[in-house]
Amino acid sequence: MAAPKLNIVPFVSVDSMMKLVLAVGIERFLTELAGYVEEDFRRWEAFDKTPRVASHSHDGVIELMPTSDGTLYGFKYVNGHPKNMRQGLQTVTAFGMLADVGSGYPMLLTEMTILTALRTAATSVVAAKYLAPRGARTMALIGNGAQSEFQATAFKALLGIERIRLYDIDRSASEKVVRNLAGLGLETTICASAEQAVEGAEIITTVTADKQYATILTDNMVGAGVHINAVGGDCPGKTELHRDILLRSDIFVEYPPQTRIEGEIQQLAPDHPVTELWQVMTGKAEGRRGPKQITLFDSVGFATEDFSALRYVRDKLASTGLYEELDLLADPDEPRDLFGMLLRAAKS
């Protein structure tokens, strides 16, 4: 990517993002993105960290997710509106920006609806790399909405998952997943219940979106040695797992101050012990210790993961050219003469 004028910001539209993902290849994109996510978790202590800023309403939530490593600053705008699906709208939409800390100038503006789905799946599989039972080949996928195929593809590409057992209260959602994954080398089975879906699964991924307390998994459904990838939920008052499962599990989280508000662990005492994922990746804490251990990744999504995704996309622009030039910033010839720039526009 040629160095643009400072007032011109590379913009990756939805169309460009889709072309970028397909040009790289979905599995390669997920694999490379997971590398960026893990790299940033390993330098966790370098980041500014704050729980996302959330504006809750009866209909859903709108959030801002900022972070910085001191050199780059990134943020994401994202919503979560489960009712949208009934109106033919996306449950989650997002866009994000990457900026230079030194000047404060934006360096990238991009859609992040598709990119968030990819980074969520990449983060799930990075966690599973440290927490899932060795040699796992079967995953139950409960909740078969927009995130499902990304999770399945990521776990196939990076962890070697071969079989996906699907369940959704809407069978047509599961049928959609089967169609979309056809020809990608995964064996897919639609199950009649969540209980049936978890049979024989070493990994259980839950990805539901109802804005309420729910019990997608009950205690009797989770056997010894399972890894649970709890992706859905993620706001106060919304959970997927029965509390007893949490009490039997070793729980791993991204950022405790955020997860205790939004994650499955909001059901537990504020001082219930959890392990931060970055500590496992850097060897400061143990992940999976043995074959009978139940591990739970209480995934809520954190700003560093979006930062990783923004970095990755920006690094891909030079070789693909899949972006537009957006005239986003005022750039007067004389920095102090912004008013004069405005007046001169009338003469051009």
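Out of all DSSP beta bridges with both ends in segment 182-275, state the antiparallel percent to the nearest 5.
On the way: 1 of 8 bridges.
Percentage antiparallel, nearest 5: 10.
Counting only DSSP beta bridges with both residues in the chain, the antiparallel share comes to about 50 percent. Summarising the amide proton neighbourhood of Val300: residues at separation of 5 or more, or on other chains, whose placed amide H is nearer than 5 Å comprise Glu254.
Under the simplified labelling scheme, the Asn180-Leu6 pair shows an inter-label distance of 4.2 nm, with each label point 7 Å from Cα along Cα→Cβ.
Expressed as an acute angle from 0 to 90° and rounded to the nearest 10, what is the orientation of the C-alpha long axis of helix 26-42 relative to the principal long axis of the chain? Once rounded, the angle reads 90 degrees. Taking the alpha-carbon distance from Lys156 and a cut-off under 12 Å, which aspartates and glutamates remain once sequence neighbours fewer than 8 residues away in the same chain are dropped? Straight-distance partners of Lys156: Glu27, Glu187.
Can you give the translational diffusion coefficient of segment 73-206 in µm²/s, computed by Stokes-Einstein from the Kirkwood radius over Cα pairs at 4 °C and 1.567 mPa s?
Values: Rh = 16.2 Å.
Estimated diffusion coefficient is 80 µm²/s.
In summary, the convex hull built on the alpha carbon positions of segment 131-301 has an orientation-averaged projected area of 9.1 nm².
Sorting Met341, Met112, Met221 by the number of Cβ atoms found within 10 Å of their own Cβ, with the fewest placed first, yields Met341, Met221, Met112.
Starting from the Cα-Cα distance between His56 and Thr113, subtract it from 0.36 nm times their residue separation and give me the gain in nm to one decimal. Don't jump to the answer; show the numbers that get you there.
Details: separation 57, 0.36 × 57 = 20.52 nm, distance 1.94 nm.
Extra length from His56 to Thr113 when fully extended: 18.6 nm.
Amide H to amide H distances under 5 Å link Met112 with Ala94, Phe95, Gly96, where only residues 5 or more positions off or on other chains count and H is placed in the peptide plane.
Taking only the alpha-carbon atoms of segment 1-125, what semi-axes of the equivalent ellipsoid follow from 5 times the gyration tensor eigenvalues under a square root, in whole Å, largest first? Can you show the working numbers first?
On the way: eigenvalues 112, 75, 59 Å².
For segment 1-125, the ellipsoid semi-axes come out as 24, 19, 17 Å.
Sorted on the mean count of surrounding Cβ atoms within 10 Å across their residues, most packed first, peptides 228-238, 250-260 read 228-238, 250-260.
Peptides 28-39, 188-199: what's the order by average Cβ count within 10 Å, highest mean first?
Output ranking for 28-39, 188-199: 28-39, 188-199.
Amide H contacts of Thr215 (H built 1.01 Å from N, in plane; Pro and chain starts excluded): no residue 5 or more places away or on another chain comes under 5 Å.
Can you check what the net charge comes to around Lys76, using other residues whose Cβ is under 12 Å from the Cβ of Lys76 (Lys, Arg +1; Asp, Glu -1)?
Values: positive: Arg52, Arg119; negative: Glu63, Glu111, Glu305, Asp306.
For residues surrounding Lys76, the net value is -2.
Computed across the chain, the Kirkwood hydrodynamic radius from all distinct Cα-Cα pairs reaches 21.0 Å.
From helices alone, the chain scores -10500 deg cm²/dmol at 222 nm; the rule is -39500 (n - 2.57) for each run of n ≥ 4 DSSP H residues, then divide by the residue total.
Listed peptides 122-131, 43-52, 240-249 appear in the order 122-131, 240-249, 43-52 once ranked by packing, highest mean of other Cβ atoms within 10 Å at the front.
For Leu328 and Arg42 in the same chain, what is the full-extension length gain: residue separation times 0.36 nm, less their Cα-Cα distance, in nm? Before the final figure, lay out each step's value.
Values: separation 286, 0.36 × 286 = 102.96 nm, distance 3.34 nm.
Taking 0.36 nm per residue and subtracting the Cα distance, the gain is 99.6 nm.
Over 20 Å apart at the Cα level, from the set Lys83/Lys238; Lys238/Lys284; Lys49/Lys83; Lys76/Lys238, are Lys238/Lys284; Lys49/Lys83; Lys76/Lys238.
How high is the relative contact order of the chain, given as a whole-number percent (alpha carbon pairs under 8 Å, six or more residues apart)? It comes to 21 percent, rounded to a whole number. Summary value for segment 131-301: 23 percent relative contact order, contacts being C-alpha pairs under 8 angstrom separated by 6+ residues.
Based on the Cβ-Cβ distance of Phe339 and Asp271, what FRET efficiency does E = 1/(1 + (r/R0)^6) give at R0 = 51 Å, to the nearest 0.05?
E(calc), rounded to 0.05, equals 0.35.
Bear in mind that the values in this text are calculations on the coordinates, not laboratory data. On a predicted model such as this, the values are computed, not experimentally measured, just so you know. All Cβ positions, even for glycine, are placed from backbone atoms using ideal geometry, and neighbour counts span all protein chains on display.
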